[in-house]
Amino acid sequence: QVHLVESGGGLVQAGGSLRLSCAASGRTAGNLAMGWFRLAPGKERDFVAIISGSSGNTYYADSVKGRFTISRINAKNTIYLQMNSLIPEDTAVYYCAAEIRRIDSTWSPGTWGQGTQVTVSS
């Protein structure tokens, strides 16, 4: 079983930056696809970015391409989400996820973190 703990959320003005971290413990996370999803008020939880375990391939939602960067340090079992040029529409609870599979064109995590709030003021 994998346990995930996020950190790094907060309040930032539009145009600013934040970096989220997610530390994994339990079963070795180095070979697991991990990533970030977000839940905004009145919306469904959406995929933001994913990084594969073996190849390090990355995938981004169109809404964050060019602004967000996902990375990982396998030795620390940690992934990061660097968020630049933040806009109010990025306001959401951000969830770290692991054991992610691609099922019927949908990203499907097996494990979730507890979430961290990101608020972008205009």
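The values are calculated or read from the model by the stated rules, or taken from the named source; none is laboratory data. Remember, it's a predicted structure, so these values are computed and weren't measured experimentally. Positions of Cβ are backbone-derived with ideal geometry, glycine not excepted, and every protein chain shown enters the neighbour counts. Accessible surface is based on the protein model in full, side chains and every heavy atom, while ligands, DNA and RNA are left aside. Shrake-Rupley method; radii C 1.70, N 1.55, O 1.52, S 1.80 Å.
Carbon-plus-sulfur accessible fraction, the chain (probe radius 1.4 Å, protein heavy atoms only): 47%.
Sites listed here are trypsin sites (Lys or Arg not before Pro) in the range 56-122 whose DSSP assignment is loop and whose Cβ has at most 12 other Cβ atoms within 10 Å: LYS65. Taking 7 Å steps out from each Cα toward its Cβ at SER108 and LYS43 produces label points 2.4 nm apart.
Kindly identify the chain as rounded, prolate or oblate by the Cα gyration tensor criterion: order the square roots of the eigenvalues as a ≥ b ≥ c, call it rounded if a/c is under 1.5, otherwise compare a/b with b/c, prolate if a/b is larger, else oblate. It comes out prolate by the Cα gyration axes.
Normalised per residue, the accessible area of the range 1-70 is 53 Å², obtained with a 1.4 Å probe and no contribution from ligands, DNA or RNA.
Using a cutoff of 8 angstrom between alpha carbon atoms and counting only pairs six or more residues apart, the relative contact order for the chain works out to 34 percent. In the Gaussian network model of the chain, springs joining C-alpha atoms below 10 Å, which of SER71, SER52, SER17 carries the largest mean-square fluctuation? Result: SER17 has the largest fluctuation of those listed. If both residues of a DSSP beta bridge must be in the chain, then about 90% of such bridges are antiparallel.
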